[in-house]
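The values are calculated or read from the model by the stated rules, or taken from the named source; none is laboratory data. Please read these numbers as outputs of a predicted model, since none were measured by experiment. As a convention, Cβ positions derive from the backbone with ideal geometry for all residues, glycine included, and neighbour counts pool all protein chains shown.
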Amino acid sequence: MSALIDVDGLTRRFGDFTAVDAVSFQVEPGEIFGYLGANGAGKSTTIRMLCGLLAPTEGRATIAGHDIARDPRAVKRSIGYMSQKFSLYLDLTPAENLEFFAGAQGLSGAERRRRVRDALEHSGLDARRDTLTGALPGGLRQRLALASARLHQPRILFLDEPTAGVAPDARRAFWRDIRAVAAEGTAVFVTTHHLDEAEYCGRVGLMVDGRLEALDTPAELKRTLVPGVFFTIDGDAPRADLRRALDGAAGVRGLQPFGRRLRVRLDPDAALADADALTARLADAGVADPRVEPTTPNLEDVFLELVGREAA
Amino acid sequence: MRPALIRTAALAVKELAHIRRDPQMLAFALLLPVVLLLLFGYAISFDLDHIPLAVVDRDQTADSRALARRMTAGDLFVPVADAPSAEAAVPLLRRDVARAALVIDDDYTRALRRGEPAPVQLLVDGADNSTAAVAMGYASAIAIGRVEVPGGLPYAVRSRALFNPALRSTIFIIPGLMALILVIIAVMLTALTVAREYERGSMEQLFATPTRRVEIILGKLAPYFVLGLVQVLLVLTAGVTLFDLPVRGSLLLLFGVASLFLLAMLGQGLLISVVTRSQMLASQVAVITTLLPALLLSGFIFPIEHMPLPLRVLANVFPASHLVEALRAILLRGNGPAAVAADCGAIAAFFAVMLALSIKRFQRVVGA
C-alpha cells in the first residue's frame, strides 16, 4: 500500500525567509509520525501546507493521493485537522461543536446524529453534552477536539501541538486515544515540543531551522545520533561542583542538567565510562557522596546534539 | 440535501448558537431600534411649537391687534409678555423669557391703508438658530396667510404640504432612522463576527474543512440578514402604531429595498472584517464608515441637495442616502418600483463592489 502522506522537496519561503526547506518524507497507514522542533522551526508551516491551507513555494506533496497544490479540496475531505491555536468554540456545548464540525464536513441527517452521539460517548462526554465547552477541563476539551476532527472518519489526522497546555495525566490519556486511532489504520501526523511524547511515535522527524535534520524511529535516532553511555549523577553537592569535576575530562561528550541532577554522556570506550570510575573521579574532585546511576539516552539528548551541531 | 447546503446550514446554525449565548448582543440588536425610535420620535423633534412670543404693539389699532392675535392663534406662538418698544423686548429675549418678539410699527395701519408695505418686525433669538429659522418661517407664513390689499380684492395665499400635511418631522425621520439602525446592526455585527473567527484562530480550522469561502460567508451572515429584517419590521410597526407613520406604497417593495440595503451593509461589514481581522479595529472602522454617512450624509437630518459637491458625491456613494430616499418614496409618497429603481441600482452597485473586494481579499489572505 502506498504512503498516505507523500512529501517530496516541500519548500515554503516568506520573502527572503525560508520557513520550510526541501522537506521529504512518507507516512504509512497506521503510523504515528512525530514532527519535532523548536518554535519557528517550520512545524506549523509544514502542517498548513499539507492541510491545503498554504501553497508551497516549491516541491510537491500528496495526501491520500491528492496533490496539495492542485486539489486542496480533495485533501481537506481526506484529513482531520486540530490546529494549535483553536480547537473548539468555547461558547458552544460539546454537542453543538460536534454537530457543527460534522455539518462542515457535509454530514447530515441520521448519519450525523449517530456519529455525534458516538463521539460524545467515546470521549466520555455524554453526561456533559450540554455544559459549555469552555467549562470543561483542558484534557477533556482536547479529547473532544480530537473526536471532532475524526467525525468524517478521515484516513489522515494532522495534530498541531495537541497537548500544549494540557496536564501530564491528561496528556497520557490523549496519547492513548492517538494510539487507538492509529491502530485502526489512520496515519497520524503530530507536532509536539514535549520530547517525552515523541517516544510514543513510530518515527520522528526533527526540524531545525526549516530543515528536516533527522528522521527515524526514536531508538534508531538515539543509537546513531547520540552513541555512548549515559549516567545520572545525584548527590548533596551543588550541580556546579559536579559540572566542574567532569567538564573537559577525557571521554566526556556531554553534560546536561536534569532536574537537580546532571546527565553525563561518555564515549563507550572511555576510561570513565563506568559507574565506579565515575564515582572515583568525582570523589577525587572533592564531591561528597555522589550517587551515579547508569541511564539511557532520550530524544532530548538527540535534539540537543542536533541543535549543537547546527550551531557549531 | 446537497453538501454545499449542509455546510452552509451548519454554519448558520452555529452562528445562531453564538447569538443565543450572547443575550446582551441580542438585546442590543432588538432594543436599539425601539429606543432610537422613541428617542427620535418623542425627544428629538425638529418640529417646534409653543414658541414664547413677546408682543410690541406700537400702533394699538384694531388691525395691529388683529395681527398679534393671528400670530398667536395657533399652537405655534404663545404670547408671554407685552413690551412698549423693541429695545424693551431685547432683555426678554436675553433672559430667555421669550424666544421671539413681534414688533408692530406705529404706522402699520396707515401703511396698510395706503397700500404700502406695512412695517412689521420679528426679532428672534439667533443664538438658537434652528428655533430662529423655524420661528421666522412660521411668522411669515402666518403674516402672508391673509394680506389685505386696499382697493382691490382680498386674496389668500394658501400653501399645503403634500404627503405630510402636518409637516411632522417624525414621519420624515423614520426612514432615516431605519437606515441608521440597519447600518449599526448589519455592519457592526458582521464585522465583529467574522473578525472573531480570525482572532480565535477558528477561521483556519474552517478552511481546513471542505467548506468553501462563499459557504462560510453565506452561512455566517444569513442569521444577521434575518435579524436585520426583524428590525425593519420592528421600526415599521412602532412607527405605524406610535407615530401614525403612513404606509402608502407596497410593503413587499419596502422589504425588497430593505433586503437589498441589508445585503450591501453585510457586504461592507464583511470587507471591514477580512481587511482588519481584529474585532477592535473592525468595530472602529465600522463606526466611522457607517454611522457617520448614515447620520450626516443620508439626508436623514441634513438635506443632501444643499451640500457642497464632494459631500454630495460621497453621500450618493454610500447606500444610506438611497435607502432613505427610496423609503420616503414608498412610505410617504406611495411610489412604485419605477420610482425607486435608480436608488436600488445604486445600492446594488455598492453591494457588488463590497462583495467582490471581500472575496478577493478573503482568498488572498488565505494563500499568504
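Quick test for you: out of A:Leu140, A:Leu132, A:Leu146, pick the one residue that is more than 22 Å from A:Gly106 (Cα to Cα) and modelled with pLDDT of 90 or more.
Working: A:Leu140 fails: modelled with pLDDT of 90 or more; A:Leu146 fails: more than 22 Å from A:Gly106 (Cα to Cα).
Sole residue among the options that is more than 22 Å from A:Gly106 (Cα to Cα) and modelled with pLDDT of 90 or more: A:Leu132.
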Determine which single condition B:Gly201 fails, assuming it passes every other condition in (1) within 14 Å of chain A (Cβ to nearest Cβ); (2) closer than 13 Å to B:Leu266 by Cβ; (3) of a type outside the set (A, V, I, L, M, F, W, C). (2)
Test for B:Arg213: is it over 23 Å from B:Arg328 (Cα atoms), facing chain A (nearest Cβ under 10 Å) and over 17 Å from the mean Cα position of the chain (by Cα): no
Output for the stretch A:61-87, where each listed residue is more than 7 Å from chain B (Cβ to nearest Cβ), over 21 Å from the mean Cα position of the chain (by Cα) and of a type outside the set (Gly, Ala, Ser): A:Thr62, A:His66, A:Asp67, A:Ile68, A:Arg70, A:Asp71, A:Pro72, A:Val75
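Return yes or no: is B:Ser298 within 23 Å of B:Thr190 (Cβ to Cβ), among the hydroxyl-bearing types (Ser, Thr, Tyr) and either at pLDDT 95 or above or outside any helix (DSSP H, G or I) (or both)? Before you say what the answer is, go through the steps one by one.
On the way: within 23 Å of B:Thr190 (Cβ to Cβ): yes; among the hydroxyl-bearing types (Ser, Thr, Tyr): yes; either at pLDDT 95 or above or outside any helix (DSSP H, G or I) (or both): yes.
Yes; evaluated as a whole, the condition is true for this residue.
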Filtered residues of the stretch A:94-115 (kept if surrounded by fewer than 21 Cβ atoms within 10 Å (Cβ to Cβ) and either at the interface with another protein chain (Cβ under 7 Å from one of its Cβ atoms) or not in a helix (DSSP H, G or I) (or both)): A:Gly106, A:Ser108
Can you tell me which residue is modelled with the highest pLDDT among those in the stretch B:301-318 that are under 21 Å from B:Leu177 (Cβ atoms) and either outside any helix (DSSP H, G or I) or among the acidic types (Asp, Glu) (or both)? B:Phe318
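When the stretch A:264-312 is examined, which residues are found to be within 26 Å of A:Leu212 (Cβ to Cβ) and in contact with a Phe, Trp or Tyr (Cβ under 7 Å, 6 or more places away or on another chain)? Give the steps one after another, and end with the answer.
To start, the set of residues in the stretch A:264-312 that are within 26 Å of A:Leu212 (Cβ to Cβ) comprises A:265, A:296-312.
Residues satisfying the conditions are A:Arg265, A:Thr296, A:Pro297.
Going by the structure shown, is B:Ile6 within 13 Å of chain A (Cβ to nearest Cβ), among the aliphatic types (A, V, I, L, M) and touching a Ser or Thr at 6+ places or on another chain (Cβ under 7 Å)? Spell out the reasoning first.
On the way: within 13 Å of chain A (Cβ to nearest Cβ): yes; among the aliphatic types (A, V, I, L, M): yes; touching a Ser or Thr at 6+ places or on another chain (Cβ under 7 Å): yes.
When the stated conditions are applied, B:Ile6 passes them.
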Check off (1) more than 14 Å from chain A (Cβ to nearest Cβ); (2) modelled with pLDDT of 90 or more for B:Ile51 and give me the number that stays unchecked. (2)
So, in the stretch B:8-34, how many residues would count as being acidic (Asp, Glu) and part of a helix (DSSP H, G or I)? 1
Which listed residue is surrounded by fewer than 17 Cβ atoms within 10 Å (Cβ to Cβ), over 30 Å from A:Ser44 (Cα atoms) and of a type in the set (A, V, I, L, M, F, W, C), from A:Ala250, A:Ala219: A:Ala250
Which condition breaks for A:Gln153 when tested against (1) of a type outside the set (Phe, Trp, Tyr); (2) farther than 19 Å from B:Thr211 by Cβ; (3) surrounded by fewer than 21 Cβ atoms within 10 Å (Cβ to Cβ); (4) more than 13 Å from every other protein chain (Cβ to nearest Cβ)? (2)
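Grab the helices (runs of 4 or more DSSP H) fully contained in the stretch B:58-124, keeping just those with 3 or more residues being closer than 22 Å to B:Tyr138 by Cβ. Outline the logic, then answer.
Details: elements: B:62-73, B:86-94, B:108-114.
Fully inside the stretch B:58-124 and qualifying: B:62-73, B:86-94.
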Can you confirm whether B:Phe225 is at pLDDT 90 or above, in the same structural domain as B:Cys344 (by TED's automatic domain parsing), out of contact with any strand residue (DSSP E or B) (no Cβ under 8 Å at 6 or more places or on another chain) and of a type in the set (Phe, Trp, Tyr)? yes
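Yes/no matrix, rows are residues, columns are (1) at pLDDT below 85; (2) closer than 30 Å to B:Phe243 by Cβ; (3) in contact with a Pro (Cβ under 9 Å, 6 or more places away or on another chain):
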{"residue": "B:Gln24", "(1), (2), (3)": "no, yes, no"}
{"residue": "B:Ala27", "(1), (2), (3)": "no, yes, no"}
{"residue": "B:Val56", "(1), (2), (3)": "no, no, yes"}
{"residue": "B:Asp75", "(1), (2), (3)": "yes, yes, no"}
{"residue": "B:Glu87", "(1), (2), (3)": "no, no, no"}
Of the residues in the stretch B:14-34 that are within 34 Å of the chain's Cα centre (by Cα) and within 7 Å of another protein chain (Cβ to nearest Cβ), the one that is surrounded by the most Cβ atoms within 10 Å (Cβ to Cβ) is B:Ala17
So, first residue at positive phi and in contact (Cβ under 8 Å) with a residue 40 or more places away in the chain in the stretch B:14-42, second residue among the β-branched types (Val, Ile, Thr) and not in a helix (DSSP H, G or I), Cβ within less than 9 Å, six or more apart or across chains; the pairs are none
Cβ-Cβ distance below 8 Å, separation of 6 or more or different chains: which pairs start in the stretch A:28-48 with a residue that is farther than 13 Å from A:Leu206 by Cα and within 14 Å of chain B (Cβ to nearest Cβ) and end on one that is buried (at least 22 other Cβ atoms within 10 Å of the Cβ) and of a type in the set (Lys, Arg)? A:Thr45/A:Arg12
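Sort through A:Ser44, A:Ser24 and tell me the only one that's modelled with pLDDT of 95 or more, assigned by TED's automatic domain parsing to the domain that holds A:Ala64 and not in a loop (DSSP other than H, G, I, E, B).
Working: A:Ser44 fails: modelled with pLDDT of 95 or more.
One residue alone meets the criteria, A:Ser24.
Within 29 Å of A:Gly165 (Cβ to Cβ), of a type in the set (Gly, Ala, Ser) and either at pLDDT 90 or above or surrounded by fewer than 17 Cβ atoms within 10 Å (Cβ to Cβ) (or both), is that true of A:Ala187?
Working: within 29 Å of A:Gly165 (Cβ to Cβ): yes; of a type in the set (Gly, Ala, Ser): yes; either at pLDDT 90 or above or surrounded by fewer than 17 Cβ atoms within 10 Å (Cβ to Cβ) (or both): yes.
So A:Ala187 passes the test.
Out of the residues in the stretch A:161-184 that are part of a helix (DSSP H, G or I) and acidic (Asp, Glu), state the one that is surrounded by the most Cβ atoms within 10 Å (Cβ to Cβ). First the steps, then the outcome.
Applying the first criterion (part of a helix (DSSP H, G or I)) to the stretch A:161-184 yields A:168-183.
This time we only want the ones that are acidic (Asp, Glu), so: A:169, A:177.
Numbers: A:Asp169: 9, A:Asp177: 17.
So, considering only residues that are part of a helix (DSSP H, G or I) and acidic (Asp, Glu), the one surrounded by the most Cβ atoms within 10 Å (Cβ to Cβ) is A:Asp177.
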Being surrounded by 19 or more Cβ atoms within 10 Å (Cβ to Cβ), aromatic (Phe, Trp, Tyr), farther than 22 Å from A:Arg309 by Cβ and touching a Gly at 6+ places or on another chain (Cβ under 9 Å) narrows A:Phe158, A:Phe231 down to just A:Phe158
Only one of these is in contact with a Gly (Cβ under 8 Å, 6 or more places away or on another chain), among the hydrophobic types (A, V, I, L, M, F, W, C), closer than 23 Å to A:Ala173 by Cβ and at the interface with chain B (Cβ under 9 Å from one of its Cβ atoms): A:Leu54, A:Leu90. Name it. A:Leu90
Residues of the stretch A:16-27 being away from chain B (no Cβ under 14 Å), touching a strand residue (DSSP E or B) at 6+ places or on another chain (Cβ under 9 Å) and surrounded by fewer than 24 Cβ atoms within 10 Å (Cβ to Cβ), which ones? A:Thr18, A:Asp21, A:Ala22, A:Ser24, A:Phe25, A:Gln26, A:Val27
